[in-house]
Amino acid sequence: MTPRSGYLLRRSRLTSGKDKRLKEYHYATEQLVRIRREPDPSRDMPTAQWPVSSRRDVSYPALEEGAVLTSMPALLLVAGSVVEAPGQAATVYVHGDFNFYRVRLSVVGEEQVEVDYSLVGGIQQMKGKRTAIVVGLQVDPVGAPRGDPEFSLLGLGGRVSILLDQQSRLPLQVRGRAPRIGETYINLVAADIGPTPRGQLP
């Protein structure tokens with residue numbers, strides 16, 4: 001994807017287990033190309049060389065001019081830009097498999113969050129309370145829906161919110177509704193933010 005904006009250029013998703021498959025999405029200007037690959041049981045080859053089992057051209061729905069089309073996991077990155085946005089809100093579109101969604105992200109408050117995560121590449125262990133900025137997501141389908149609803153963030157749906165560290169903008173926690181569990185949350189356990197200047201904490 002394009003840095004900063006999160007605009008999708010290309011994406012792939014590998015499913016392992018009994019029903020192995022690789023889905024590739026190529027985002028062109030007028031439409032996206034969805035390619036599905038499945039392994040040939042008689043040959044051992046890299047996933048990128050699996051035979052193509054289907055190819056579909058998927059038209060984009062009507063999007064706002066200049067709209068950013070991104071992926072669901074990339075919302076963890078996009079949320080950080082909302083904090084600096086005028087009015088502390090932004091709207092992006094996300095693509096699942098066939099369906100598209102309009103996602104409005106807005107800052108809805110701050111709160112203290114108990115954290116316990118490590119910084120990869122260093123010896124720092126972040127533990128204790130941190131001030132978090134709460135970014136709420138309002139999700140609406142765009143265009144004619146196909147099949148079951150696809151939107152989720154790390155497996156969570158419903159009223160999803162992302163809690164960002166006030167200083168580093170790291171996503172400390174994601175809240176939402178999980179199937180068969182109900183309202184729950186996922187905490188950050190490790191992060192790799194690259195080299196940190198000596199003496200500075202994130």
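Residues in the range 62-109 that are hydrophobic (A, V, I, L, M, F, W, C), under 14 Å from the mean Cα position of the chain (by Cα) and in a strand (DSSP E or B): Leu69, Val92, Val94, Phe100, Val103, Leu105. Scanning the range 34-61 for residues that are touching a residue at least 24 places away in the same chain (Cβ under 8 Å), under 30 Å from Arg102 (Cβ atoms), open to solvent by less than 80 Å² (accessible area, probe 1.4 Å) and not in a loop (DSSP other than H, G, I, E, B) gives Arg34, Val58, Ser59. I'm trying to understand the selection: among the residues of the range 143-166, which are within 15 Å of Ser71 (Cβ to Cβ), touching a residue at least 40 places away in the same chain (Cβ under 8 Å) and part of a strand (DSSP E or B)? Correct list: Leu153, Ile162. In the range 15-26, the qualifying residues are those that are surrounded by fewer than 17 Cβ atoms within 10 Å (Cβ to Cβ) and more than 12 Å from Ser53 (Cβ to Cβ), and the one that is farthest from the chain's Cα centre (by Cα) is Lys18. Ser12 versus (1) assigned to a loop (DSSP other than H, G, I, E, B); (2) within 25 Å of the chain's Cα centre (by Cα); (3) among the polar types (S, T, N, Q): which is the lone unmet condition? Here Ser12 clears every test but (1). Considering the range 69-118, the residues that are within 21 Å of Thr29 (Cα to Cα) and of a type in the set (Phe, Trp, Tyr) include one that is most open to solvent (accessible area, probe 1.4 Å), namely Phe98. Against the definition (at pLDDT 90 or above and either in contact with a His (Cβ under 8 Å, 6 or more places away or on another chain) or open to solvent by 30 Å² or more (accessible area, probe 1.4 Å) (or both)), how does Ser5 come out, yes or no? Spelling it out, it is not the case that Ser5 is at pLDDT 90 or above and either in contact with a His (Cβ under 8 Å, 6 or more places away or on another chain) or open to solvent by 30 Å² or more (accessible area, probe 1.4 Å) (or both). Checked across the range 152-164, the condition of being of a type in the set (A, V, I, L, M, F, W, C) and either in contact with a His (Cβ under 6 Å, 6 or more places away or on another chain) or open to solvent by 30 Å² or more (accessible area, probe 1.4 Å) (or both) holds for at least one residue. Looking across the range 119-141 at every residue that is in contact with an Asp or Glu (Cβ under 7 Å, 6 or more places away or on another chain) and of a type in the set (D, E, K, R), the one that is least open to solvent (accessible area, probe 1.4 Å) is identified as Arg130.
The values are calculated or read from the model by the stated rules, or taken from the named source; none is laboratory data. Everything quoted here is computed from the prediction, not taken from an experiment. So basically every Cβ, Gly included, is an ideal-geometry build from the backbone, and we count neighbours across all protein chains shown. Ligands, DNA and RNA are excluded from the accessible area calculation, which covers all protein heavy atoms including side chains. Shrake-Rupley method; radii C 1.70, N 1.55, O 1.52, S 1.80 Å.
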